[in-house]
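Working notes, structure below.
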Amino acid sequence: MNAPLLTVKNLRAGYGEMQVLYDLSLDVHPAEIVALVGSNGAGKTTLLRALSHLLPWQGDVRFDGHSLQSLSPNRLFALGMVQVPEGRQLFDRMSVEENLLLGTLAGTARDALRRNLERCYGLFPILAKRRKQLAGNMSGGEQQMCAVARALMSGPRLVMIDEMSLGLAPVAVDALLDTLRLVRTQGVTVLLVEQDVHSALHVADRAYVMESGRIVREGPASELADDPEVQRAYLGL
Amino acid sequence: MLLAQVLLNGLLLGGLYALMALGLALVWGVLNIVNLSHGAFIMLGAYATYFLFTQAHLDPFLALPFAALALFVLGYAVQRGILNLVIRGPMFNTLLITFGLEVVITFLAQLFFSADFRTINPVYAGTNFDLGGLTVPQVQLMAFAIAIGLTLGLWAFLLHSRPGRSIRAVSQNLLAAQLYGIEPRRIYAVTFGLGTALAGVAGGLYGTVSQINPYIGTALTAKSFVIAIIGGLDNPLGVIVGGLFLGVAESLTALYIGPTYTDVASFGILVLVLIVKPTGLLGRTA
């Protein structure tokens with residue numbers, strides 16, 4: 001297997017006095033879909049916030065060989081590591097197209113912008129119909145598509161998606177998962193952070209199970225889906 | 001005819017009011033700071049234009065870009081050095097610090113410029129022309145045209161340029177803006193600099209149509225505040241409407257009730273708007 005695209009080693013982070021993540025380690029390899037699953041409060045969102053420098057943290061984290069400790073959020077974005085935050089966080093009072101344009105790097109040439117827009121509209125045809133509509137006025141599923149499309153606009157190498165399925169209709173979740181499978185074939189690596197363990201394990205190659213700020217299990221997604229303990233704890237079987 | 005003339009005067013004044021309020025509304029909307037020193041920056045812009053006119057013998061309208069540039073640099077530095085300390089802090093802290101700035105700037109202006117009244121009087125200051133029986137003062141008309149032009153220009157900048165879009169992005173969703181390569185600290189400083197640059201131009205124009213002294217700032221901050229409340233913070237066009245509305249209301253008050261009552265009218269309107277439609281006449285306020 002190739003060298004990992006993202007390596008997290010012994011990551012510790014928290015809010016003030018309260019430590020949330022304890023020596024957490026994981027790897028994501030190029031063009032993999034990796035699921036990070038766990039119940040509410042396990043620290044999944046905290047991990048993503050730390051990786052985007054929205055929280056102070058200690059540990060050794062590398063993206064494509066660069067140490068994250070010395071990289072600004074700006075630089076990370078430019079290197080191709082993007083995040084779709086929990087709750088979508090669209091620019092609600094801007095059109096879909098403006099949201100997508102804000103997903104690009106500053107200084108992107110006009111024809112490259114056009115190409116990226118067309119590619120995203122190809123992935124999500126509904127967004128092409130809604131391009132002039134205010135993002136905040138769309139349905140939850142459409143908003144999530146817009147958020148994922150915004151993340152793909154810069155042609156990233158790693159997309160980290162937080163709770164993509166939260167509050168969405170199953171059909172919308174399926175459509176989004178299909179799109180992730182498709183962009184993976186185009187070389188985009190995906191780290192999927194999910195409470196919806198069933199759909200996450202269904203689409204992922206490998207998975208990590210997180211509990212109370214620690215990784216408690218890892219392995220191929222299909223094996224974890226068959227693991228009796230995982231089934232009992234997360235799949236309600 | 002008198003009424004038409006008064007309405008015209010009100011509209012011309014209102015355009016200038018709109019430009020004064022524009023910087024305040026922009027900073028308020030993006031940084032969530034009600035900049036109580038906004039009027040002091042308008043005053044500095046007026047003095048910058050005055051000195052460029054009297055010392056460098058530059059036409060006051062040609063001096064405006066230099067006044068704007070100077071005020072941009074000053075505003076950028078003030079945001080980076082001082083206001084950054086209270087950004088996203090409680091409203092009270094930002095009010096206190098900008099009030100303090102206002103006091104300091106006014107005092108320094110008094111120290112360096114003296115308390116004398118000054119006017120910017122280019123040779124064409126008294127020129128009027130006739131428009132179907134109405135008298136149109138040339139300087140007022142030029143000030144109006146520049147004010148409206150700049151407001152529309154800012155609108156286009158915010159809507160259609162990448163930096164303008166980044167400014168709106170920071171005001172709408174800070175987290176997402178940070179995740180997508182926008183540096184809020186830079187946006188805040190640029191936005192505040194833009195706000196003070198607009199104040200600088202407004203001050204220069206104010207100096208061509210009115211007398212200036214170091215103390216004009218406070219009242220102009222208050223008027224800008226009224227206009228921002230009326231027009232909302234979302235949209236520079238709302239500020240134009242608010243400015244014209246206030247200009248006309250003041251002119252009509254001066255005609256029918258008395259010139260000393262114009263402030264009663266403007267702040268009466270503020271109270272009415274806050275009671276009847278606290279979101280502003282057009283769209284959202286903070």
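The values are calculated or read from the model by the stated rules, or taken from the named source; none is laboratory data. As the structure is a computational prediction, the values presented were derived from the model and not from experiment. Every residue, glycine as well, gets a Cβ built from its backbone with ideal geometry; the counts of neighbours run over all protein chains shown. The accessibility values were calculated without ligands, DNA or RNA, using every heavy atom of the protein model including side chains. Shrake-Rupley method; radii C 1.70, N 1.55, O 1.52, S 1.80 Å.
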Q.
Residue under question is B:Ile187, and the condition is that it be open to solvent by less than 40 Å² (accessible area, probe 1.4 Å) and at pLDDT below 90; does it hold?
A. no
(Q) Among the numbered criteria (1) part of a helix (DSSP H, G or I); (2) open to solvent by 30 Å² or more (accessible area, probe 1.4 Å); (3) touching a residue at least 24 places away in the same chain (Cβ under 8 Å); (4) touching a helix residue (DSSP H, G or I) at 6+ places or on another chain (Cβ under 7 Å), which one does B:Tyr17 miss? (A) (2)
Q: Could you please give the count of residues in the range A:57-92 that are touching a residue at least 12 places away in the same chain (Cβ under 8 Å), out of contact with any Ser or Thr (no Cβ under 9 Å at 6 or more places or on another chain) and among the charged types (D, E, K, R)?
A: 3
Q. Considering only the range B:160-182, how many residues are under 22 Å from A:Asp162 (Cα atoms) and either more than 7 Å from chain A (Cβ to nearest Cβ) or assigned to a loop (DSSP other than H, G, I, E, B) (or both)?
A. 7
**Q.** Test set (1) at pLDDT below 95; (2) in contact with a Pro (Cβ under 8 Å, 6 or more places away or on another chain); (3) among the hydrophobic types (A, V, I, L, M, F, W, C) - B:Met1 fails condition number
**A.** (2)
Q) Name the residues in the range A:91-101 that are crowded, with 24+ Cβ neighbours inside 10 Å and within 8 Å of chain B (Cβ to nearest Cβ), would you? A) A:Phe91
Q. Is the range A:58-77 home to any residue that is of a type in the set (Ser, Thr, Tyr), in a helix (DSSP H, G or I) and modelled with pLDDT of 90 or more?
A. no
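Yes or no, residue by residue, for (1) closer than 20 Å to A:Leu48 by Cβ; (2) open to solvent by less than 20 Å² (accessible area, probe 1.4 Å):
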position: A:Thr108; (1), (2): no, no
position: A:Glu118; (1), (2): no, no
position: A:Tyr121; (1), (2): no, yes
position: A:Leu127; (1), (2): no, yes
position: A:Cys146; (1), (2): yes, yes
Q | Positions within the range B:181-217 being touching a Gly at 6+ places or on another chain (Cβ under 6 Å) and farther than 30 Å from A:Gly103 by Cβ, in sequence order | A | B:Thr196, B:Ala199, B:Gly200, B:Gly203, B:Gly204, B:Gly217
Q) So which residues in the range A:76-90 are at the interface with chain B (Cβ under 9 Å from one of its Cβ atoms) and closer than 17 Å to A:His66 by Cβ? A) A:Leu76, A:Phe77, A:Ala78, A:Val82, A:Gln83
Q. In the range B:106-137, what residues are part of a strand (DSSP E or B) and of a type in the set (Phe, Trp, Tyr)?
A. B:Phe129
Q. crowded, with 19+ Cβ neighbours inside 10 Å and at positive phi, is that true of B:Gly195?
A. no
Q. Would you pick out the residues in the range A:97-122 that are outside any helix (DSSP H, G or I) and within 22 Å of the chain's Cα centre (by Cα)?
A. A:Leu102, A:Gly103, A:Thr104, A:Leu105, A:Ala106
Q: Select from the range A:160-181 the residues that are part of a loop (DSSP other than H, G, I, E, B) and open to solvent by 20 Å² or more (accessible area, probe 1.4 Å) and list them in ascending order.
A: A:Leu166, A:Gly167, A:Leu168, A:Ala169
Q: Mind telling me which of the residues B:Gly100, B:Gly81, B:Gly133 ends up being among the small types (Gly, Ala, Ser), over 18 Å from B:His38 (Cβ atoms) and exposed (fewer than 15 other Cβ atoms within 10 Å of the Cβ)?
A: B:Gly133
Q) In the list B:Phe72, B:Phe66, which residue meets the criterion of being surrounded by 16 or more Cβ atoms within 10 Å (Cβ to Cβ), without any contact (Cβ under 8 Å) to a residue 40 or more places away in the chain and assigned to a helix (DSSP H, G or I)? A) B:Phe66
Q. If you take the residues in the range B:228-248 that are crowded, with 24+ Cβ neighbours inside 10 Å and out of contact with any Ser or Thr (no Cβ under 7 Å at 6 or more places or on another chain), which one is farthest from the other protein chains (Cβ to nearest Cβ)?
A. B:Gly247
